[in-house]
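J.: To start, I am sharing the structure in question, which I have written as structure tokens.
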Amino acid sequence: MEALLLDSDKDQIIFSSDILHRADTSLQREWLVPNGIGGYASSTISGANTRRYHGLLVAALAAPLGRAVLVSKLEETLVVRQPGGEEQSYELSANLYPGAIHPQGFLWLESWQSLPSPTWRWEPAPGLRLEKRIWMAHGSNVTYSSYQLLSAPEHSSVRIDLVPLVAWRDYHAEMRAYNTELPAEWVGAPTDFAAYRSRHQQTHTPEPANRCRRWRPTDLRGVSSPLPMVLSPSISAGSRARPGV
């Protein structure tokens, strides 16, 4: 018997660890969030994309047509720093390869629910719990992803490293791996992207902070509201991202 709960009053769907920890079940269950103009965000509850049509930001560039996968997904790593300075990393995402799944962050999922928007809750270690939600702005090609630290070991500090996999392809098409970097601009980041681009064109050497391609809140402990991240075709401020399928 599968651990699926359905709230008939709210159409709420909840999956427990019985389903989430099994690749054969979590890879077969999908979610989709539309934006009302032809765009959407969609994947499996495991976090692995199993279709060419999956993506964190699939925008309708000529609404309601012209769909393109702009951002495939986010690679998410939760890093816990102990008082002594030791760090432990937990890779929360999942990727499907021929004959292998890596990483396998779904093994740490404790629950997934559909409302108020797709919501994941991980517990990668005792006392360490993180919640993520994904939704889209109605009428806009904008995806929101929020992270909230629910609990953490005493006296520890926690950060989350996010690496966006940028695709920018027609949603019917596929990509092949290639060794390059694509510019990605982030809302609210402290870097002046225009100034950075000017410096980069002059020196041909990106700043180390931009080369790391990671978004790091310095300390999530004690945060009472979700930390938002916004993905949009037209965004400002500077970082760099690697291409992804």
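The values are calculated or read from the model by the stated rules, or taken from the named source; none is laboratory data. These figures come from a predicted structure and were not determined experimentally. Note: ideal-geometry Cβ built from the backbone for every residue, glycine included; neighbour counts use all protein chains shown.
J.: Can you name every one of the strands (runs of 3 or more DSSP E) wholly within region 15-84 that holds 2 or more residues which are in contact with a strand residue (DSSP E or B) (Cβ under 9 Å, 6 or more places away or on another chain), surrounded by fewer than 21 Cβ atoms within 10 Å (Cβ to Cβ) and at pLDDT below 95?
T.: Strands (runs of 3 or more DSSP E) meeting the threshold: 55-62, 65-81.
J.: Which ones in region 134-155 are crowded, with 19+ Cβ neighbours inside 10 Å and not aromatic (Phe, Trp, Tyr)?
T.: Within region 134-155, Ile134, Met136, Asn141, Val142, Thr143, Ser145, Leu149, Ala152 meet the criteria.
J.: Looking only at region 134-176, filter to residues that are aromatic (Phe, Trp, Tyr) and modelled with pLDDT of 90 or more; which one of those is nearest to Gly84 (Cα to Cα)?
T.: Residues of region 134-176 that are aromatic (Phe, Trp, Tyr), as a first pass: 135, 144, 147, 168, 171.
In the following step, the residues that additionally are modelled with pLDDT of 90 or more were identified as 135, 144, 147.
Values: Trp135: 38, Tyr144: 35, Tyr147: 26 Å.
If we take residues in region 134-176 being aromatic (Phe, Trp, Tyr) and modelled with pLDDT of 90 or more, then Tyr147 is nearest to Gly84 (Cα to Cα).
J.: Scan region 81-114 for residues that are basic (Lys, Arg) and within 22 Å of Leu56 (Cα to Cα) and report the count.
T.: First pass over region 81-114, keeping only residues basic (Lys, Arg): 81.
Add one more test, that the residue is within 22 Å of Leu56 (Cα to Cα), and what stays is none.
The total comes to 0.
J.: Output yes when any residue across region 120-128 is over 29 Å from Asn35 (Cα atoms) and touching a residue at least 60 places away in the same chain (Cβ under 8 Å), and no when none is. Even if it seems obvious, please write down each step before you answer.
T.: In the first step, residues of region 120-128 are kept if they are over 29 Å from Asn35 (Cα atoms); the result is 123-128.
After this cut, where a residue has to be touching a residue at least 60 places away in the same chain (Cβ under 8 Å) as well, the list is none.
The answer is no; no qualifying residue exists.
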